[in-house]
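Report on the following structure.
The values are calculated or read from the model by the stated rules, or taken from the named source; none is laboratory data. Small disclaimer: the values here were computed from a predicted structure and weren't measured. In this analysis, Cβ positions are derived from the backbone assuming ideal geometry, glycine residues included, and neighbour counts consider all displayed protein chains. Calculation scope for accessible area: heavy atoms of the full protein, side chains included, ligands and nucleic acids excluded. Shrake-Rupley method; radii C 1.70, N 1.55, O 1.52, S 1.80 Å.
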Amino acid sequence: MAASTRSQVISLYRTMLRESSKFPSYNYRTYAIRRVRDAFRANRKVEDPKAVARLMEEGRQAVSLIQRQVSIGKMYETQKIVVE
Amino acid sequence: MLSSGRTVSSRLLRPVTCLSLRLGSDGRAASSLQKGTQQPRGGKKTAGLTAFGRKDETSSKDMWKRELEKDELRPLYMDFQATTPMDPRVLDAMLPYQVNYYGNPHSRTHAYGWESETAMEKARKQQVADLIGADPREIIFTSGATESNNMAIKGVARFYQAKKRHVITTQTEHKCVLDSCRVLESEGFDVTYLPVQKNGLVDLELLEASIRPDTSLVSVMTVNNEIGVKQPISEIGKICRSKGVFLHTDGAQAIGKIPINVSDWKIDLMSISGHKIYGPKGVGALYVRRRPRVRLEPLQNGGGQERGLRSGTVPTPLAVGLGAACSIAQQELEYDHQRVSMLANRLVQKIMSEIPDVIMNGDPYQRYPGCVNLSFAYVEGESLLMALKDVALSSGSACTSASLEPSYVLRAIGADEDLAHSSIRFGIGRFTTEEEVDYTAEKCIQQVQRLREMSPLWEMVQEGIDLKSIKWTQH
């Protein structure tokens, strides 16, 4: 598998943030955005192509997980909470 | 002074009548709760505490129970010790087993059974066992920490009862541990309820001195559910191992939040709960050591599942959920801990810098930061909870709050009656945000100031009267 380019990583990052921001629940939404941001920040120094490829694969799986959970969340949407 | 005395009585009387009315409307529950808390601690008791459910943290709030309107805002959640929301990653792992893979994990004759069994064993091995450094054969799935605690305490004591008839626990344990011990007492066992020190920690010398030749089990919880103190389990483990006594610990509030290794800490039995670690409700686990072997009498007999210790079909989706929650907790332990500590500090700093006479209950260092128990002097905890209706909080004791008795945990650490009445527990978790903490702190400061302004006690303290010197009534 070809090494992921910088632009692929950035694109995945943007997708994850975009999908995370769709969570209807305030707490899940803020957590997902925060966690994605912190995970990319923590791994910004990773150079090893194998490690990058593994992280990219994990990220892609996380995108589908977020999408599935966002649709479930939308089915059972509830009132907003007081700080929103 | 005379006139101020009159206002004192009129102000003090009002809440009392209002409370007695509330009790009247829910008479049965309230009286059974009161009966439970009035039981003496060390002496002879009958099983009277069965009225409490483990972590059934909402029952006592029935008196203000009201459902939200459709367009009303939801309160924010600050009660992570009662239960936690399920992590979306946990739900994602569980759902396939709620829909398509419905086989009985104990069915050995077809693919439906095999796929469920594989999932269950993966949860047991790679997830639950790995989190605590155990062997997968040492993990028994149960319905939750209450069942695990019951199984461990009654099971061990009854198995070894021919030679050993003494059990040691502490006064600050969860209700289900204390209640299991009460049952053992009614069966003729001897139970020592160790007092704790002012900081909530157990005195190791006293513990060691309490161990007798006929002691079979010591049960001490790792992290307290009310005040968040972390008991020195590894030291207790050393003492118990050297004396040949089994150590059980209720790890419901500790698992996945602080690093735990059952071999390093020499734990023989440990209770685990799913819904305290962002997993599903209705599932838990009991760790039972194999070397040296701990034997216990099962509570539930039947098909012989879980090595005969807990018969009954293992609920695959819940077991998978518990497994996923454990593996996420392991991955996120450091990240979550850092964040929870930061938020807890932020909350405590904000509140303490704005209002005087706030006391933090429990040891300031030996603790899990996500459980903050504060006493607001001269304010009644229940009134503050009612005033903070935009925040889902609980007073220190969830089980006993309807009884108007202060929490038994706070009493055990020697808190004054009035401070024990004025305590609130703030639970911070994985999904708590800075905005929520700030909102909670701000509301709390505002309401404490408002309630204190109305309080005759506060007025008297401002005038320099020592409240302890006052003789309130003649009886």
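Numerical summary
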item: Accessible surface, 1.4 Å probe, highest first, among residues B:Y287, B:Y439; result: B:Y439, B:Y287
item: Using θ = phi - 60° and Karplus 6.51 cos²θ - 1.76 cosθ + 1.60, couplings along segment B:209-217 (whole Hz; Gly, Pro as x); result: 5, 7, 6, 10, x, 9, 7, 9, 8
item: Formal net charge of residues neighbouring B:I445 (Cβ-Cβ distance under 10 Å; K, R +1; D, E -1); result: +1
item: With every protein chain in place, segment A:1-76: carbon and sulfur % of accessible area (1.4 Å); result: 55 percent
item: Residue (of B:I153, A:P24, B:Q300) at the positive-pole extreme of the protein assembly as shown, dipole from beta-carbon charges; result: B:Q300
item: Shielded by partner chains, segment A:56-84 residues - at least 30 Å² of accessible area, 1.4 Å probe, vs chain alone; result: A:L65, A:Q69, A:I72, A:Q79, A:K80, A:I81, A:V82, A:V83
item: Vicinal HN-Hα couplings computed from phi for segment B:112-129 (Karplus, 6.51 cos²θ - 1.76 cosθ + 1.60; Hz; Gly/Pro x); result: 4, x, 4, 5, 5, 5, 4, 5, 5, 5, 5, 4, 5, 7, 6, 10, 5, 4
item: For segment B:174-190, Karplus couplings with θ = phi - 60° (6.51, -1.76, 1.60), whole Hz, Gly/Pro x; result: 5, 3, 6, 6, 4, 5, 4, 5, 4, 4, 4, 4, 5, 8, x, 7, 9
item: 17 Å tail of the calculated P(r), segment B:333-465, as % of Cα pairs; result: 58 percent
item: Shielding by partners - mean other protein chain Cβ count within 10 Å, residues of B:82-88; result: 3
item: Amide proton proximity set for B:S395, modelled H, under 5 Å, gap of 5+; result: B:R425
item: Accessible area buried, both sides summed, chains B and A with 1.4 Å probe, Å²; result: 2100 Å²
item: Kirkwood-type radius of chain A, with distances r between different C-alpha atoms, in Å; result: 13.8 Å
item: Radius 11 Å from Cβ of A:R34, net charge of other residues (Lys, Arg +1; Asp, Glu -1); result: +4
item: B:E435 accessible area, assembled protein chains, probe 1.4 Å, Å²; result: 100 Å²
item: Normalised per residue, the volume of the convex hull around the Cα set of the protein assembly as shown (Å³); result: 179 Å³
item: Three semi-axes of the equivalent ellipsoid, segment B:258-395, Cα gyration tensor, whole Å, largest first; result: 38, 18, 16
item: Surface accessible to a 1.4 Å probe, per residue, for the residues of chain A, Å²; result: 65 Å²
item: Cα centre as origin, Lys/Arg/Asp/Glu Cβ charges: segment B:88-328 dipole, Debye; result: 440 debye
item: A:A53-B:K243 pseudo-label distance in nm [points 7 Å out on the Cα-to-Cβ vector]; result: 5.8 nm
item: Buried on assembly, segment A:23-51 (at least 30 Å² less accessible surface than by itself, 1.4 Å probe); result: A:Y26, A:N27, A:Y28, A:Y31, A:R34, A:R35
item: DSSP bridge orientation in segment B:176-335 - percent antiparallel, rounded to nearest 5; result: 50 percent
item: Nonlocal amide H pairs with B:G304, under 5 Å, H built at 1.01 Å; result: B:S311, B:G312
item: Check: segment B:72-183 dipole with +1 on Lys, Arg Cβ and -1 on Asp, Glu Cβ, in debye; result: 720 debye
item: Accessible solvent surface per residue of segment B:144-292, calculated while the other protein chains remain in place, 1.4 angstrom probe, Å²; result: 30 Å²
